[in-house]
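Engineer: Let me begin by handing over the structure; questions about it come next.
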Amino acid sequence: MHELLNVVLPVFLVIGFGYAAVWRRLITQDQIDGLMIFAQNFAIPCLLFLAISRLDLGQSFDLRLLASFYSGAAICFVLAMCGARFLFGRPWEDSVAIGFVGLFSNSLLLGLPITERAYGPEGLGGNYAIIAVHAPFCYMLGITVMELVRARSRSPLRLVRQVARAMFRNALVLGLVLGFAVNLTETALPAPLTAALELMGRAALPTALFGLGGVLFRYRPEGDLKVIAFVLTIGLVVHPLLVLGMAKGLALPIASERSAVLTAAMAPGVNTYLFANMYGVGKRVAASSILLGTILCIFTAWVWLQILP
């Protein structure tokens, strides 16, 4: 109960403030959109840039960590996609979008602050390692499968170009790439620039969490409840269970195990809706899964904190 009150609830209270502010019309949806643009395109890329530029890559980028998390994520993508197709009779394009909901946990806006509150900033190395390849891995997998299903990209070169274009239009990816460049070249940044980036980075998570609450106000649950329950079970239960089992089997250090399992246990991220919206399929399932998954995550995150050492 201590973890629920002091670790999990503060994060969700900030989300709740954003939700209530839009509900009570204290802030408009356009203003929420502006906050999210600032957070996702400016503040969070600054936070990720600084984190990756300072990360001990040799220590944090443990192949066992990445294998545990991403093999579990890929399995959940296949389970959610095939379940949507064969259990619920959804078209293949819808099924890929629903598979993406099972694949893409909210590693940044939920996983990062909950892990930090539970284990302190020193416990975030594994989180940043996962985040560094999260969007590229998930979008590459999702876009590739969707394009194969749609049979648009008969040329492998065209498919590679489409995936690369989607990657490098993403400000988060650009922040990560620049952070790696500074880290690997051991470039010393000017002190005023570092201070400015730190100011932006400190605004990232509270702004994004408040904005996420406002965004969730749009996503009212509408139908498809069996599909939503199925995909949320995969995301909130199956994915962390798979990661925990693999982490134990690969003898992952405790700090990395915590980061991997907690990140896997987070609700679907907003990117699941963006992916569905990009292709115009499965949008209702994605939107409702974000809202219901975020609410359920208040309790499931507490359960996982009890399970983890």
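Engineer: If you place +1 on the Cβ of every Lys and Arg and -1 on the Cβ of every Asp and Glu, how big does the dipole about the Cα centre of the chain come out, in debye to the nearest 20? Mind dumping the intermediate values first?
Structural biologist: On the way: 22 positive and 15 negative charges, 184 e Å.
It comes to approximately 880 debye.
Engineer: Name the residue farthest towards the positive end of the dipole of the chain from the options GLY99, ILE295, LEU252, assuming +1 on Cβ of Lys and Arg, -1 on Cβ of Asp and Glu, about the Cα centre.
Structural biologist: Of GLY99, ILE295, LEU252, it is GLY99.
Engineer: Applying 1/(1 + (r/R0)^6) with R0 = 45 Å to the Cβ-Cβ distance of PHE217 and GLU186, what FRET efficiency is obtained, to the nearest 0.05? Could the numbers behind the result be given before it?
Structural biologist: Details: r = 45 Å, r/R0 = 1.00.
The calculated FRET efficiency here is 0.50.
Engineer: Still on this structure: Taking a probe of 1.4 Å, how large is the accessible area per residue of segment 207-309, in Å²? Before the final figure, lay out the partial values.
Structural biologist: Numbers: 3710 Å² over 103 residues.
Accessible area per residue, segment 207-309: 36 Å².
Engineer: Ok, one more. For the chain, take N as its residue count and report Rg(C-alpha) divided by 2.2 N^0.38 Å. It would help to have the intermediate numbers written out before the result.
Structural biologist: Working: Rg = 18.6 Å, N = 309, 2.2 N^0.38 = 19.4 Å.
Its radius of gyration relative to the 2.2 N^0.38 Å reference: 0.96.
Engineer: Listed highest first by mean packing, meaning other Cβ atoms within 10 Å per residue, what order do 103-114, 252-263, 60-71, 29-40 come in? Each step should come with its number before you reach the end.
Structural biologist: Values: 103-114: 27.2, 252-263: 23.6, 60-71: 19.3, 29-40: 16.3.
Going by the mean number of other Cβ atoms within 10 Å, highest first, we get 103-114, 252-263, 60-71, 29-40.
Engineer: Output the DSSP H helices from the chain with an along-axis C-alpha extent of no less than 27 Å and a mean Kyte-Doolittle hydropathy no less than 0.5. It would help to have the intermediate numbers written out before the result.
Structural biologist: Working: long enough: 63-82 (28 Å, 1.79); 125-150 (38 Å, 1.05); 191-216 (38 Å, 1.23); 283-307 (33 Å, 1.41).
The qualifying helices are 63-82, 125-150, 191-216, 283-307.
Engineer: To the nearest 0.05, how large is the calculated FRET efficiency for VAL237 and PHE88 if R₀ is 22 Å and r is the Cβ-Cβ distance? Walk me through the intermediate numbers first.
Structural biologist: Numbers: r = 18 Å, r/R0 = 0.83.
Efficiency, from the Cβ-Cβ distance: 0.75.
Engineer: Kindly provide the helix-only [θ] at 222 nm of the chain, computed as the sum of -39,500 (n - 2.57) over DSSP H runs of four or more divided by all residues, to the nearest 500 deg cm²/dmol? Don't skip to the answer; put the middle values down first.
Structural biologist: On the way: 16 runs with 225 residues, N = 309.
Estimated from H runs of four or more residues: -23500 deg cm²/dmol.
Engineer: If you count, for each residue, the other Cβ atoms within 10 Å and average over each peptide, how do 129-142, 174-187 line up from highest to lowest? Intermediate results must be reported in sequence, preceding the final value.
Structural biologist: On the way: 129-142: 21.9, 174-187: 15.4.
In decreasing order of mean packing, 129-142, 174-187 become 129-142, 174-187.
Engineer: Here's another thing I want to ask about it. May I ask you to derive the FRET efficiency for VAL78 and VAL177 from their Cβ-Cβ distance with R0 = 25 Å, giving the value to the nearest 0.05?
Structural biologist: Details: r = 28 Å, r/R0 = 1.13.
The formula returns an efficiency of 0.30 here.
Engineer: Using the basic label-point model (7 angstrom from Cα toward the beta carbon), what is the GLN29 to LEU225 distance in nanometres?
Structural biologist: 2.4
Engineer: Could you look at the chain and say what percent of its accessible area is carbon and sulfur, using a 1.4 Å probe and all protein chains?
Structural biologist: Working: 9020 of 13570 Å².
Solvent-exposed carbon and sulfur of the chain make up 66 percent of the total.
Engineer: Normalised by the residues of segment 214-309, what does the relative contact order come to in percent, with Cα pairs under 8 Å and at least six apart? Don't jump to the answer; show the numbers that get you there.
Structural biologist: Working: 92 pairs, mean separation 38.0, N = 96.
Relative contact order, segment 214-309: 40 percent.
Engineer: While we're on this one: Roughly how big is segment 1-141's charge dipole about its Cα centre, with Cβ charges of +1 (Lys, Arg) and -1 (Asp, Glu), in debye to the nearest 20? Numbers along the way, then the final one.
Structural biologist: On the way: 7 positive and 9 negative charges, 44 e Å.
Here the size comes out at about 200 debye.
Engineer: Mean separation of Cα pairs under 8 Å and 6+ residues apart, divided by the residue count of the chain: what relative contact order is that in percent?
Structural biologist: Values: 442 pairs, mean separation 107.5, N = 309.
Relative contact order, the chain: 35 percent.
The values are calculated or read from the model by the stated rules, or taken from the named source; none is laboratory data. Because the structure is predicted, anything quoted here is derived from the model rather than measured. Quick reminder, even Gly has a Cβ in these numbers, built from the backbone with ideal geometry, and neighbours come from all protein chains shown. We work out accessible area using only protein heavy atoms, side chains counted, and drop any ligands, DNA or RNA first. Shrake-Rupley method; radii C 1.70, N 1.55, O 1.52, S 1.80 Å.
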